[in-house]
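The values are calculated or read from the model by the stated rules, or taken from the named source; none is laboratory data. Bear in mind that the values here come from a model prediction, so they are computed numbers and not experimental data. Heads up, the Cβs are rebuilt from the backbone with ideal geometry, glycines too, and the neighbour counts pull from every protein chain shown. For the accessible areas, the whole protein counts, side chains as well, though only heavy atoms, and no ligand, DNA or RNA atoms are used. Shrake-Rupley method; radii C 1.70, N 1.55, O 1.52, S 1.80 Å.
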Amino acid sequence: MTDRGLIKGLAAVLLVTVASQIFYITVVSGSPNEILRPATWFTELFAFSASVVFALALAARRPVQAAAWSIITLAGILNVVQVGMGLSMFAPAMEAQEAVPQLFLAILAGAFFFYFLAKFLLGVAAIILGFQAVRAGGLVSRASGGFAIAAGLAAIVLSFLAMIDSEGWTFAAGAAGTAVTALLAFVLFLLPGQSTAEG
């Protein structure tokens, strides 16, 4: 696969995770359908796994940008872990609530911590690649880069606050994380055409 194909593939799977999160909040969270929740989480699991593969390949093939790709790789791994916790640990922990009342809450807190840390990292990646987009020139590139930088800063601050106090910052951090993921994907779609893409 070419570098352009890898970058577009990475952008596409990031958008899949954005769509799945919006679908989860708007449809799944209030639905009695027991199939929708695991189906959505499995979709995210496969998308995040693909993001790890694409970003890791790009880190090897584009060493000048290796830091950004490595950050996205780590974010993908953390997301795979947190989704895996939801799929494999939530149900047994809920069944064991009578014997161990705090077990489910502890696992849920751990999953959210990994989720917020992953969004924190995506915020950093959005800032790095956003600056490259701004420097590349062109109205669309500069605008997308500027929005990505702003969203990255918001995601970093709000995700950090959510890691400290999840109850008070979950919604804001989740919204910022979803926005930064979408804007990062948009910047990635523009990246192959930039004159600075190779450095």
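Number of residues in the range 119-139 that are open to solvent by 20 Å² or more (accessible area, probe 1.4 Å), among the aliphatic types (A, V, I, L, M) and touching a residue at least 12 places away in the same chain (Cβ under 8 Å): the value is 6.
Does any residue of the range 188-197 turn out to be in a loop (DSSP other than H, G, I, E, B), of a type in the set (Val, Ile, Thr), open to solvent by less than 40 Å² (accessible area, probe 1.4 Å) and in contact (Cβ under 8 Å) with a residue 60 or more places away in the chain? Checked the range 188-197: at least one residue is in a loop (DSSP other than H, G, I, E, B), of a type in the set (Val, Ile, Thr), open to solvent by less than 40 Å² (accessible area, probe 1.4 Å) and in contact (Cβ under 8 Å) with a residue 60 or more places away in the chain. Pairing residues of the range 82-98 that are more than 17 Å from THR43 (Cα to Cα) and without any contact (Cβ under 8 Å) to a residue 12 or more places away in the chain with residues that are of a type outside the set (A, V, I, L, M) and open to solvent by less than 50 Å² (accessible area, probe 1.4 Å), at Cβ distances under 7 Å and at least 6 apart in sequence or on separate chains, gives MET94/PHE104; GLN97/PHE104. Within the range 142-187, how many residues are touching a residue at least 40 places away in the same chain (Cβ under 8 Å) and among the acidic types (Asp, Glu)? Qualifying residue count, the range 142-187: 0.
Yes or no, residue by residue, for (1) over 19 Å from the mean Cα position of the chain (by Cα); (2) part of a helix (DSSP H, G or I); (3) within 30 Å of ILE107 (Cβ to Cβ):
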residue	(1), (2), (3)
LEU121	no, yes, yes
VAL124	no, yes, yes
ILE128	no, yes, no
ARG142	yes, yes, no
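Among the residues of this structure, PHE113 counts as one that is in contact (Cβ under 8 Å) with a residue 40 or more places away in the chain, aromatic (Phe, Trp, Tyr), in a helix (DSSP H, G or I) and surrounded by fewer than 20 Cβ atoms within 10 Å (Cβ to Cβ).
Taking the range 1-12 as the range and being in a helix (DSSP H, G or I) and touching a residue at least 40 places away in the same chain (Cβ under 8 Å) as the test, the residues that pass are ASP3, ARG4, LEU6, ILE7, LYS8, GLY9, LEU10, ALA11, ALA12. Would you check if SER20 is in a helix (DSSP H, G or I), surrounded by 17 or more Cβ atoms within 10 Å (Cβ to Cβ), in contact with an Asp or Glu (Cβ under 8 Å, 6 or more places away or on another chain) and of a type in the set (Gly, Ala, Ser)? Considered against the rule, which asks whether it is in a helix (DSSP H, G or I), surrounded by 17 or more Cβ atoms within 10 Å (Cβ to Cβ), in contact with an Asp or Glu (Cβ under 8 Å, 6 or more places away or on another chain) and of a type in the set (Gly, Ala, Ser), SER20 comes out as yes.
Do we have ALA39 as open to solvent by 20 Å² or more (accessible area, probe 1.4 Å), more than 30 Å from LEU129 (Cα to Cα), assigned to a helix (DSSP H, G or I) and out of contact with any helix residue (DSSP H, G or I) (no Cβ under 9 Å at 6 or more places or on another chain) here? So ALA39 fails the test. Just one of the listed residues (LEU15, LEU58, LEU45) is assigned to a helix (DSSP H, G or I) and open to solvent by 60 Å² or more (accessible area, probe 1.4 Å), namely LEU15. ILE149 satisfies every condition listed in (1) among the hydrophobic types (A, V, I, L, M, F, W, C); (2) under 21 Å from LEU15 (Cβ atoms); (3) surrounded by fewer than 19 Cβ atoms within 10 Å (Cβ to Cβ) except (3).
The single condition among (1) under 22 Å from ILE22 (Cβ atoms); (2) over 14 Å from the mean Cα position of the chain (by Cα); (3) of a type outside the set (S, T, N, Q) that ALA148 does not satisfy is (2). Answer yes if at least one residue in the range 91-104 is in contact with a Gly (Cβ under 9 Å, 6 or more places away or on another chain) and part of a helix (DSSP H, G or I), and no otherwise. Within the range 91-104, not a single residue is in contact with a Gly (Cβ under 9 Å, 6 or more places away or on another chain) and part of a helix (DSSP H, G or I).
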